[in-house]
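Here is the structure we will look at.
The values are calculated or read from the model by the stated rules, or taken from the named source; none is laboratory data. Keep in mind it's a predicted model, so treat the numbers as computed, not measured. Note that we place each Cβ from the backbone using ideal geometry, even for glycine, and neighbour counts take in every protein chain shown. Note: areas computed on protein heavy atoms with side chains; ligands, DNA, RNA excluded. Shrake-Rupley method; radii C 1.70, N 1.55, O 1.52, S 1.80 Å.
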Amino acid sequence: MKNKGSLLSEGAEAKVFIVKAFGMEILVKSRLPKDYRIKEIDDSIRKRRTKIESRVMYRLNRAGVRAPRLFAAGVFSIYYEKLDGKLMKDSSLGSKMLKKCGMLLAEIHNAGISHGDFTPANIIISHGTPYVIDFGLSEVRNSSEEMGIDLLLMKRSVSSSMFKKFMEGYAETARNPKPVIDKLEEIEKRGRYQIRTLG
Amino acid sequence: MLVIGIESSAHTFGAGICEGGKILANEKEMYHISTSGMIPGRVAETHIRNAALVIGRAMSKANVKFSDLEGVGYTMGPGMGPCLQVGALSARTIARRLGIKIAAVNHCVAHAEITRNMAHMSDPIVVYVSGGNSQLLRLQGSPRRYHVIGETLDIGIGNMLDTFARGIGLDPAWGSTVEKKAMSGSYVELPYTVKGMDFSFTGLLTKALELANTESSEDLCYSIQETSFSMLCEAAERAMLLSGKDEVCVSGGVAQNTRLREMLRKMAEGHGSRFAAAPNEFNADNGGMIAFVAERMLEKGYYTPIENCTVKQRYRVNTAVVP
Ligand SMILES: Nc1ncnc2c1ncn2[C@@H]1O[C@H](COP(=O)(O)OP(=O)(O)O)[C@@H](O)[C@H]1O
Ligand SMILES: [Mg+2]
């Protein structure tokens, strides 16, 4: 790509740029090479994560779950819709919005997908509606273990009263919430995911 | 304060002497691994036979007498019960005879602390990689403790490498066999599993063993190292960037591997962060690091009454106070 555009965000494994295309602003998320690992491994990881991210975004688009629209996928980059709004982690949320976030995760699971990194840093509130982003760690296969971890990551990121509201939305919308909620308890008992406070 | 430290959590019986944060002696004897791996009872017997010898050697290397000792430290855990018992017994015996205080040290804290201090780092991400453990650690809270911010979801990387070496018929000299063979190998694809800041090694191990009949051992050694080390580096990179830390160090037995150190250094320096590892004698299990932490603990009043100086096979790092 000739015009790299302006940098919107730089994460641990990808950069997100804003570029002009089709007469509007769209986003490009590029997984850049890591020089500490050999090229064979580096290429294959970046390809795999780019592929899973585009597949999941496409699936969610087709299932009508709120996520950015996918425009195109390259080998190491995806091109998708720029949402206008704020990250959930930077917003103050009422109980209605928390419930909607729970419903969003339920819809993702109903579509046969576990997100893998479902935290307030990967939800954008746009015009009063939550959208999900960032599918590099997602799986198109929803075992109750993976879905339980989605719940757990959210639980660890918000207060207990917020999580309660979130769960109201989840339980109402999920096709089969019981085994996932049971799994959440089981994972917590295992205690491996105890203390993960960063920052 | 002149302190002796005793380490016996696994295949090494070590005794170190420390005073004012300086290691005056660091002696050890190792149980020689056979193809059957480690049988805790046998290892413990070897430790019992070596204990007096190793302790005596450390005393004379440091040029000190028993009556000079002001404190004793030992590894309380984690580790293999029968092995840990030998160290605990040695420590109690010395303490009782001399009437001095005992510090019960967490093995992982000792690895992390000796490296952090030698590297002059205040608040690093510690990549702790040994036989049974593989964790990303970071100091937090008051009193300070090492919190686990990422870790293996199944087995430790050292055990993975040793099991692999044994499985393809190599003599597993604690990882170094794999490292040597890897030098002349090239890449074959193996599973790579990172979940956020956690990682897992069994899928990789199973696949590598499956390929033993069709691929050369050099290629498999190369690939299992490149794959597992890349996973560790990626998790450490995420931990570093998410926590905003600008120091990374590596400690524990697998930190002796040159390739792992090179990869972590590249990763850290690529982000303008500092990287460090301790000299290898402190990455392998050793008594010096136990003496080092014990001295600080005793100086700050963290001692354990002799009747409570037992062992904890599953002593989690995040429950131990860092002096
Ligand atoms: N569709 C989008 N619309 C607007 N901003 C976005 C969109 N996708 C990502 N971003 C911004 O880019 C950041 C990083 O994107 P993300 O896909 O979460 O990558 P990373 O793997 O780096 O976390 C987000 O936190 C958000 O600020
Ligand atoms: Mg993100």
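A few notes on this one:
- Residue in region B:166-184 that is in contact with a Pro (Cβ under 9 Å, 6 or more places away or on another chain), β-branched (Val, Ile, Thr) and not in a helix (DSSP H, G or I) present: no
- The single condition among (1) touching a Ser or Thr at 6+ places or on another chain (Cβ under 9 Å); (2) open to solvent by less than 40 Å² (accessible area, probe 1.4 Å); (3) closer than 25 Å to residue B:217 by Cα that residue B:139 does not meet is (3).
- Test: residue A:70 is exposed (fewer than 14 other Cβ atoms within 10 Å of the Cβ) and either free of Cβ contacts under 8 Å to residues at least 60 places away in the same chain or within 16 Å of ligand 2 (Cβ to nearest atom) (or both): no
- Any hit, region B:239-251, residues being over 22 Å from the mean Cα position of the chain (by Cα), assigned to a helix (DSSP H, G or I), under 18 Å from residue A:44 (Cα atoms) and hydroxyl-bearing (Ser, Thr, Tyr): no
- Residue, nearest to the other protein chains (Cβ to nearest Cβ), within region A:127-155, restricted to residues that are buried (at least 18 other Cβ atoms within 10 Å of the Cβ) and in a loop (DSSP other than H, G, I, E, B): A:137
- Whichever residue in region A:73-107 is part of a helix (DSSP H, G or I) and of a type in the set (Gly, Ala, Ser) and, among such residues, is farthest from the chain's Cα centre (by Cα): A:95
- Qualifying residues in region B:279-297 (those that are open to solvent by 10 Å² or more (accessible area, probe 1.4 Å) and either of a type in the set (A, V, I, L, M) or more than 30 Å from residue B:76 (Cβ to Cβ) (or both)) - the one farthest from the other protein chains (Cβ to nearest Cβ): B:284
- Number of positions in region B:242-265 that are over 11 Å from residue B:229 (Cβ atoms), within 13 Å of chain A (Cβ to nearest Cβ) and surrounded by 15 or more Cβ atoms within 10 Å (Cβ to Cβ): 5
- All of (1) facing chain A (nearest Cβ under 10 Å); (2) surrounded by fewer than 22 Cβ atoms within 10 Å (Cβ to Cβ) hold for residue B:197 with one exception: (2).
- Qualifying residue in region A:75-95 (condition: open to solvent by 40 Å² or more (accessible area, probe 1.4 Å), under 24 Å from residue B:195 (Cα atoms) and away from ligand 1 (no atom under 14 Å from the Cβ)): yes
- Residue within region A:162-169 that is open to solvent by 30 Å² or more (accessible area, probe 1.4 Å), in contact with a helix residue (DSSP H, G or I) (Cβ under 7 Å, 6 or more places away or on another chain) and within 16 Å of ligand 2 (Cβ to nearest atom) present: no
- Summed over region A:1-17, residues that are at pLDDT 90 or above and away from ligand 2 (no atom under 16 Å from the Cβ) total 1.
- Sole exception among (1) open to solvent by less than 50 Å² (accessible area, probe 1.4 Å); (2) closer than 20 Å to residue B:318 by Cα; (3) of a type outside the set (Ser, Thr, Tyr); (4) in a loop (DSSP other than H, G, I, E, B) for residue B:109, by number: (4)
- If the condition is being under 21 Å from residue A:122 (Cα atoms) and either within 14 Å of another protein chain (Cβ to nearest Cβ) or modelled with pLDDT under 95 (or both), then region A:26-44 contributes A:31, A:32.
- Answer residue from region B:108-158, given it is under 11 Å from the mean Cα position of the chain (by Cα) and of a type in the set (Val, Ile, Thr) and is nearest to residue B:204 (Cα to Cα) among those: B:129
- Among the residues making up region A:9-39, those that are farther than 14 Å from residue A:76 by Cα, open to solvent by 50 Å² or more (accessible area, probe 1.4 Å) and more than 10 Å from ligand 1 (Cβ to nearest atom) are A:20, A:22, A:23, A:24, A:35.
- Filter result (open to solvent by 80 Å² or more (accessible area, probe 1.4 Å), in a helix (DSSP H, G or I) and at pLDDT below 95) within region A:173-199: A:185, A:186, A:189, A:190
- Yes/no for residue A:52 being surrounded by fewer than 20 Cβ atoms within 10 Å (Cβ to Cβ), touching a strand residue (DSSP E or B) at 6+ places or on another chain (Cβ under 9 Å) and within 14 Å of chain B (Cβ to nearest Cβ): yes
- Lone qualifier among B:189, B:179, B:210 - being open to solvent by 30 Å² or more (accessible area, probe 1.4 Å), free of Cβ contacts under 8 Å to residues at least 60 places away in the same chain and away from chain A (no Cβ under 14 Å): B:210
- Residue count for region A:104-126 under the criterion of being hydroxyl-bearing (Ser, Thr, Tyr) and either open to solvent by 40 Å² or more (accessible area, probe 1.4 Å) or within 12 Å of ligand 1 (Cβ to nearest atom) (or both): the result is 2.
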